[in-house]
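The values are calculated or read from the model by the stated rules, or taken from the named source; none is laboratory data. Keep in mind that what you see is a predicted model, and the values were worked out from it rather than measured. All Cβ positions, even for glycine, are placed from backbone atoms using ideal geometry, and neighbour counts span all protein chains on display.
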Amino acid sequence: MRSIYKRILLKISGEALLGGASFGISPGVLKEISREIGDVVKDVQLAIVIGGGNIFRGRQAKTLGINQATADYMGMLATVINGLALQESLEKEGIDARLMSAVQIRTIAEPYIRRKAINHLKRGGVVIFAAGTGNPYFSTDTAAALRAAEIEAEVVLKATKVDGIYDKDPTQYKDAYKFKSLSYLELLQRKLKVIDTTAVSLCMNNKLPIIVFNVTIPGNLKRVIYGESIGTKVGGS
């Protein structure tokens, strides 16, 4: 069985790294995600954008009484922490992983350079993009859409703790309806807030399909890469 894609952008939310905790990184979840990546990286070129919500979210600005831009930069640094952890975990699985940051922290991560990222992917390594777009007021979803377009990925896989897109929060409403597929415009018009609207618009303009799926279920990453119908697909054919 082979991947139906050649090059993929995988967006891993910070929340997906929590496991059953309320803060930080679950060692078990991190190891399982790394193992799953190891199972598929031989068949596909894989780049990753990682979130930081398990450590800090920019929207905490109001609660903390700090400037939104400052809070967003703090969130970017949280993604670098997660990126370092994932890089280390992947290397323990024997996977060549490279961390690139949109905010320059040369001691621990390479600056993001598009051509270097693509060359590393072509050589069979995994590239982890941290620090979002490097700009405040943009989510890591938008960073995922942007990097996917830049590296000419064929799909954006949004790995979360939820098994798709629902019409309302499935953790609060038992009658929540799960969509099997949605067009870009349907997602925007319904204001479903699962994916940042800027990210959806970027994907729509670049004809990049998005698949939202639950990465915490063992084997799901391989299933979605090999074409099984899981999660919710946005756009595409």
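Key figures
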quantity	calculated
Criterion violated by residue 176 - all others in (1) of a type in the set (Gly, Ala, Ser); (2) surrounded by fewer than 20 Cβ atoms within 10 Å (Cβ to Cβ); (3) closer than 23 Å to residue 6 by Cα satisfied	(3)
Any hit, the range 58-70, residues being crowded, with 19+ Cβ neighbours inside 10 Å, touching an Asp or Glu at 6+ places or on another chain (Cβ under 7 Å) and without any contact (Cβ under 8 Å) to a residue 60 or more places away in the chain	no
Pairs where the first residue, in the range 39-50, is at pLDDT 95 or above and the second is in a helix (DSSP H, G or I) and polar (S, T, N, Q), C-beta under 7 Å, 6+ apart	49/140; 50/79; 50/82
So residue 83, is it part of a loop (DSSP other than H, G, I, E, B), touching a residue at least 40 places away in the same chain (Cβ under 8 Å) and surrounded by 20 or more Cβ atoms within 10 Å (Cβ to Cβ)	no
Residue in the range 156-171 that is charged (D, E, K, R) and closer than 16 Å to residue 17 by Cβ present	yes
Enumeration of residues in the range 84-132 that are touching a Lys or Arg at 6+ places or on another chain (Cβ under 8 Å) and of a type in the set (S, T, N, Q)	87, 89
Residue 129 being part of a loop (DSSP other than H, G, I, E, B), on the phi < 0 side of the Ramachandran plot, aromatic (Phe, Trp, Tyr) and touching a helix residue (DSSP H, G or I) at 6+ places or on another chain (Cβ under 8 Å)	no
Condition broken by residue 50, with the remaining ones in (1) crowded, with 19+ Cβ neighbours inside 10 Å; (2) touching a helix residue (DSSP H, G or I) at 6+ places or on another chain (Cβ under 6 Å); (3) more than 20 Å from residue 106 (Cβ to Cβ) satisfied	(3)
Members of the range 179-196 that are closer than 19 Å to residue 11 by Cα and surrounded by 16 or more Cβ atoms within 10 Å (Cβ to Cβ)	181, 182, 184, 187, 192, 194, 195, 196
